[in-house]
Amino acid sequence: MNKSGYGSFDGPQDGGTQRHSEGSAQYVLQAERQILQLISARAPVAKILNEICHALDCQIGNMVSVVSLPDSDSLGTTEIAENAALFGLHVFFSAGIADDSGENLGTLEMYSIVARKPSARELPLIARALGLAAIAIACRVNSRVEQASRDHGHLVLRSFIAKQPASLN
């Protein structure tokens with residue numbers, strides 16, 4: 001992040017120069033590529049979600065984003081909002097993260113130092129972040145299901161082998 005507080009950019013996101021716009025697009029593509037590589041490498045979901053929030057915060061600027069998972073021991077969204085308010089932060093955006101079937105996977109909360117709503121330019125960035133978060137969390141859930149299935153398969157196999165006559169073992 002540079003001194004201006006806008007990640008690798010040379011000024012506020014609403015500047016509008018073509019050079020700035022091209023830099024923003026390159027940043028988005030680079031960040032998305034890095035996040036997808038983390039997902040495919042099965043990096044810890046906390047690291048992936050942190051990268052998603054960081055990229056979103058840098059792209060929009062003057063923002064703090066956090067993803068809360070339903071099964072985590074961390075603070076709930078209400079407590080996070082209360083803590084953010086103590087620091088003078090305002091709710092900028094809040095949305096559930098859902099899989100294709102609509103199952104709740106978590107919540108994205110975004111806080112700003114200025115009370116405002118997302119612009120038309122920012123909404124697609126947020127939508128992409130929500131999509132990436134859903135993929136990362138769903139991969140974690142699928143990985144847990146696969147591991148449980150493998151563990152069950154190993155138990156069944158061990159049980160089967162243990163029941164066989166000694167001459168077959």
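A compact table of results
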quantity: Failed item in (1) more than 18 Å from ILE137 (Cα to Cα); (2) modelled with pLDDT under 90, with GLY76 passing the rest; calculated: (1)
quantity: Residue in the stretch 7-57 that is modelled with the highest pLDDT, counting only those that are surrounded by 13 or more Cβ atoms within 10 Å (Cβ to Cβ), among the β-branched types (Val, Ile, Thr) and more than 14 Å from ILE126 (Cα to Cα); calculated: ILE48
quantity: Whichever residue in the stretch 73-98 is without any contact (Cβ under 8 Å) to a residue 12 or more places away in the chain and in a helix (DSSP H, G or I) and, among such residues, is farthest from the chain's Cα centre (by Cα); calculated: LEU86
quantity: Of all residues making up the stretch 99-108, the number that are surrounded by 15 or more Cβ atoms within 10 Å (Cβ to Cβ) and over 12 Å from the mean Cα position of the chain (by Cα); calculated: 0
quantity: The stretch 106-141, residues that are among the hydrophobic types (A, V, I, L, M, F, W, C), within 15 Å of MET63 (Cα to Cα) and in contact (Cβ under 8 Å) with a residue 24 or more places away in the chain; calculated: LEU108, MET110, ILE113, VAL114, ALA115, LEU125, ILE126, ALA129
quantity: Hits in the stretch 41-52 - residues which are without any contact (Cβ under 8 Å) to a residue 24 or more places away in the chain and either in contact with a helix residue (DSSP H, G or I) (Cβ under 9 Å, 6 or more places away or on another chain) or β-branched (Val, Ile, Thr) (or both); calculated: ALA43, PRO44, LYS47, GLU51
quantity: Test: residue in the stretch 59-72 that is in a helix (DSSP H, G or I), in contact with a Phe, Trp or Tyr (Cβ under 7 Å, 6 or more places away or on another chain), under 21 Å from SER24 (Cα atoms) and modelled with pLDDT of 90 or more; calculated: yes
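For (1) modelled with pLDDT under 95; (2) surrounded by 12 or more Cβ atoms within 10 Å (Cβ to Cβ); (3) among the hydrophobic types (A, V, I, L, M, F, W, C), each residue gets a yes or a no:
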| site | (1), (2), (3) |
| --- | --- |
| LEU86 | yes, no, yes |
| PHE93 | no, yes, yes |
| SER119 | no, no, no |
| VAL141 | yes, yes, yes |
| VAL145 | yes, no, yes |
| VAL156 | yes, no, yes |
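The values are calculated or read from the model by the stated rules, or taken from the named source; none is laboratory data. Keep in mind that what you see is a predicted model, and the values were worked out from it rather than measured. Quick reminder, even Gly has a Cβ in these numbers, built from the backbone with ideal geometry, and neighbours come from all protein chains shown.
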